[in-house]
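The values are calculated or read from the model by the stated rules, or taken from the named source; none is laboratory data. In this text the structure is predicted, and so the values were computed from the model without any measurement. Every residue, glycine as well, gets a Cβ built from its backbone with ideal geometry; the counts of neighbours run over all protein chains shown. When the accessible area is computed, the model is the full protein with side chains, heavy atoms only, and any ligands, DNA or RNA have been set aside. Shrake-Rupley method; radii C 1.70, N 1.55, O 1.52, S 1.80 Å.
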Amino acid sequence: VHDPETLYYLSHLYQLAGQKQTSEAVLQQALKLDPDYAPANNDLGYTWAEQGKHLPEAEAMVRSALKVEPGNTSFLDSLGWVLYKLGRFDAARENLQKAAVGPNPDPVILNHLGDTLYRLSQKAEAVKLWQRSLDGIGKLAEPRDELKELQVKLQHNLAQSRQNKPASVEPSLSDEATGT
């Protein structure tokens, strides 16, 4: 296959089949064909952010995607999440707030923003966003698998907050630097 768009869709099929490494490799092939292909830059950058690896490259890739589609909320979320993983929480918040627009933002975006605000010691605001995220998942007829996993995490964090216990937010490089 010599078309980045076809490879991009193929990567999603591998992702759905649970073949994450193959999905990543196919995204990399798409980017070899077209280094500026925004959807592949975003998806691979986000994937790496989720895994906490290649974060400087992931940031560059997502920024490249945003140059093509500056208002894309998925891309803004990806950049915010990469910045979060890098421990740059203020910059992460700025991008995640831009991504969390409209009456029904994606529950993943709300969770990312909640985790970020929690890191910035804005715990009450974080709890509100986690609750909004959980409510958003609850309104879906058939939540995608990642949302079912998120639902459990959100329920845990909300229960922890009601008991004045620390929440379980996603790790970042700043945790590794401090050993937490």
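Things worth noting here:
- Subset of segment 27-47 [assigned to a helix (DSSP H, G or I) and more than 15 Å from Thr6 (Cβ to Cβ)]: Ala38, Asn41, Asn42, Leu44, Gly45, Tyr46, Thr47
- Out of Asn111, Asn95, one residue alone is under 14 Å from the mean Cα position of the chain (by Cα) and under 26 Å from Leu31 (Cα atoms). It is Asn95.
- Enumeration of residues in segment 39-85 that are of a type in the set (Gly, Ala, Ser), farther than 19 Å from Gln97 by Cβ and in contact with a Pro (Cβ under 9 Å, 6 or more places away or on another chain): Ala40, Gly52, Ser64
- With respect to the conditions (1) more than 20 Å from Pro171 (Cα to Cα); (2) of a type in the set (Val, Ile, Thr); (3) buried (at least 18 other Cβ atoms within 10 Å of the Cβ), Thr47 falls short on a single one, namely (1).
- Single condition Thr116 does not satisfy, out of (1) in a helix (DSSP H, G or I); (2) among the hydroxyl-bearing types (Ser, Thr, Tyr); (3) out of contact with any helix residue (DSSP H, G or I) (no Cβ under 8 Å at 6 or more places or on another chain): (3)
- Residue among Glu142, Glu176 that is at pLDDT below 95, outside any helix (DSSP H, G or I), among the charged types (D, E, K, R) and open to solvent by 50 Å² or more (accessible area, probe 1.4 Å): Glu142
- Qualifying residue in segment 110-122 (condition: open to solvent by 60 Å² or more (accessible area, probe 1.4 Å) and without any contact (Cβ under 8 Å) to a residue 12 or more places away in the chain): yes
- Residue, most open to solvent (accessible area, probe 1.4 Å), within segment 31-43, restricted to residues that are hydrophobic (A, V, I, L, M, F, W, C) and within 16 Å of Val68 (Cα to Cα): Leu31
- The number of residues in segment 68-92 that are touching a residue at least 24 places away in the same chain (Cβ under 8 Å), open to solvent by 60 Å² or more (accessible area, probe 1.4 Å) and either of a type in the set (D, E, K, R) or part of a loop (DSSP other than H, G, I, E, B) (or both) comes to 2.
- Some residue of segment 114-137 being in contact with an Asp or Glu (Cβ under 8 Å, 6 or more places away or on another chain), over 25 Å from Gln151 (Cβ atoms) and among the aliphatic types (A, V, I, L, M): no
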